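In what follows, a structure is listed as structure tokens, so that the remarks can point back to it.
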Amino acid sequence: MIKNNKGAVIIITIVSMFILTIIGFVCIEMFIAQNMLVAADVAKIRTFYAADGVAEMLRGQINKVCPDSTTNYLDATIPPLGSGTPWSGATVINNAIAAGYDTTPTFPVVCARVEIRRVNSPPSSYVDFSTTTAVQYYRIMGVSSVTVNSNVIYSTVSYYFYVSNMTPGNVWRKRFAGWREHKTIQNDTGLIQ
């Protein structure tokens, strides 16, 4: 008894290939989605370290240009709040990294900038200055960004400090109180937008 099954094998083969094609497309989509998530996570980490890095560079520049001494150089050199004039130390750092903070060839370029501003009062909710004397407060703000998957990822890190006159010796010293990572860029008043 021989049965006539001449077209069944082709139909089974076509249906099987169609199912395997669907499974293949689903696997490719899952791989692409996972790859995009990993790229975004890596970009977030890179932008945080870039913002932190430029803020640390400016802290080093401040310590180099305005050392602890009997003269308060810092209050005289940093422009007042809202003046729009950048401090020369921040300009030196920004010019040095104008082409990008992190230009690793296999990743998108991370751009970073730093600025220093006077602030009227410290953000008391997360920075403890532990001082009762009237002092001028400052904020160093590093901002970095990178474009990944047509999305721009920002990181902002702020360091807060003040300069006070310490005795004995009548020496002006900088007191860095702490840092704060922000997910949004801050305005000149120190408030989170």
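The values are calculated or read from the model by the stated rules, or taken from the named source; none is laboratory data. Here the structure is a predicted model, which means the values were calculated and not measured. Heads up, the Cβs are rebuilt from the backbone with ideal geometry, glycines too, and the neighbour counts pull from every protein chain shown. Accessible surface areas use protein heavy atoms only, side chains included; no ligands, DNA or RNA. Shrake-Rupley method; radii C 1.70, N 1.55, O 1.52, S 1.80 Å.
Each of Val171, Val38 has its accessible area taken with a 1.4 Å probe; listed largest first, they run Val38, Val171.
When Cys27, Cys66 are compared by accessible area of protein heavy atoms, the largest-first order is Cys27, Cys66, using a 1.4 Å probe. Among residues other than Cys66 with Cβ under 15 Å from its Cβ, the summed charge is +4 (Lys and Arg +1, Asp and Glu -1).
Accessible area per residue for segment 1-55 is 82 Å², calculated with a 1.4 Å probe on protein heavy atoms, without ligands, DNA or RNA.
Rolling a 1.4 Å probe over the protein heavy atoms of segment 3-45, with every protein chain left in place, gives an accessible area that is 79 percent carbon and sulfur. Largest accessible area first, the residues Arg118, Arg175, Arg139 order themselves as Arg175, Arg118, Arg139 under a 1.4 Å probe with ligands, DNA and RNA left out.
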